[in-house]
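The values are calculated or read from the model by the stated rules, or taken from the named source; none is laboratory data. Computed from a predicted model, the values in this text were never measured in an experiment. So basically every Cβ, Gly included, is an ideal-geometry build from the backbone, and we count neighbours across all protein chains shown. Remember, those area values only see protein heavy atoms, side chains included, never the ligands or the DNA or RNA. Shrake-Rupley method; radii C 1.70, N 1.55, O 1.52, S 1.80 Å.
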Amino acid sequence: MVHELPAGTHTARIRLFGFEDYSAQVRVECGNLTRLQVELQSSALRLEDLRSSRTALNPENPGLLGRARLRFRVSSYGSGSASVIDASGREVWRRQLERFTTWEQSFDWDGVGSGGARLPDGAYTLRVQVLPEGGAPEDGGQGISAEIPVRLDSSLRLAYRPVW
C-alpha cells in the first residue's frame, strides 16, 4: 500500500484484530519512497471497559428504555458468556455470546430471567466471562471475567416524548 505524505516525521499506526497494536515514528524525505515493514505480534485475549447503558432499569418501560445495553472490548479471538447473578449469589440468567471477531462487543439484558419471567426488583450483578480461542474451562483454559452492578426498579417510569 502506498500513501503520499508531506516530508517530515509522521506516526505510523497499524491495528489488526487479534494482534498487538503497532506504532512507530517514520521519517519521510521529499521525493523518496519510505518503506515500512512490520511483523505484528499475536495478542493475548483481554477483556476491557465493561459498561452498561443503565445502572438501574424498569423492564416495563417501552423498547430500549426497559433494557440495559452492555458493552465491552476484547483484544483477540475467543468466546464468552454473560450471566446475571442475584443478591444471594444465584445465577438467574445466562447467554452464550457470539465468537469474537472484532474489538467492540455488546448485548442487551431486559430484566427477564432464564425462565422467561420478569425478575423481582433488587440488586443484580452482570458478569461477562471470556475464553481465548480453543480454551475451555474443563481442559484448563484460563478465562477472564468482569462484573458490573445493575438494579431492577419498577418505580422508574420512563416514556418516549414527542419532539414537537
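Whether a residue is open to solvent by less than 50 Å² (accessible area, probe 1.4 Å), farther than 15 Å from L152 by Cα and not in a strand (DSSP E or B) was assessed, and L45 passes this test. All conditions in (1) closer than 30 Å to R127 by Cα; (2) over 17 Å from the mean Cα position of the chain (by Cα); (3) part of a loop (DSSP other than H, G, I, E, B); (4) not hydroxyl-bearing (S, T, Y) hold for L64, with the sole exception of (3).
Residue-wise test of (1) assigned to a strand (DSSP E or B); (2) acidic (D, E); (3) open to solvent by less than 90 Å² (accessible area, probe 1.4 Å).
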{"site": "V2", "(1), (2), (3)": "no, no, no"}
{"site": "R13", "(1), (2), (3)": "yes, no, no"}
{"site": "Q25", "(1), (2), (3)": "yes, no, no"}
{"site": "C30", "(1), (2), (3)": "no, no, no"}
{"site": "L33", "(1), (2), (3)": "no, no, no"}
{"site": "Q37", "(1), (2), (3)": "no, no, no"}
{"site": "E60", "(1), (2), (3)": "no, yes, no"}
{"site": "L70", "(1), (2), (3)": "yes, no, yes"}
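Would you call R51 open to solvent by 70 Å² or more (accessible area, probe 1.4 Å), of a type in the set (K, R) and without any contact (Cβ under 8 Å) to a residue 24 or more places away in the chain?
Values: open to solvent by 70 Å² or more (accessible area, probe 1.4 Å): yes; of a type in the set (K, R): yes; without any contact (Cβ under 8 Å) to a residue 24 or more places away in the chain: no.
Here the answer is no, as R51 does not meet what is asked.
Restricting attention to the stretch 70-111, the residues being in contact with an Asp or Glu (Cβ under 8 Å, 6 or more places away or on another chain) and aliphatic (A, V, I, L, M) number 5.
Residue-by-condition table, conditions (1) under 13 Å from the mean Cα position of the chain (by Cα); (2) of a type outside the set (A, V, I, L, M, F, W, C); (3) at pLDDT 90 or above; (4) surrounded by 10 or more Cβ atoms within 10 Å (Cβ to Cβ):
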position: D86; (1), (2), (3), (4): no, yes, yes, yes
position: G89; (1), (2), (3), (4): no, yes, yes, no
position: L97; (1), (2), (3), (4): yes, no, yes, yes
position: D121; (1), (2), (3), (4): no, yes, yes, yes
position: T125; (1), (2), (3), (4): no, yes, yes, yes
position: V130; (1), (2), (3), (4): yes, no, yes, yes
position: Q142; (1), (2), (3), (4): no, yes, no, yes
position: E147; (1), (2), (3), (4): yes, yes, yes, yes
position: W164; (1), (2), (3), (4): no, no, no, no
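Annotation note: of W93, W109, the sole residue that is surrounded by 13 or more Cβ atoms within 10 Å (Cβ to Cβ) and at pLDDT 95 or above is W93.
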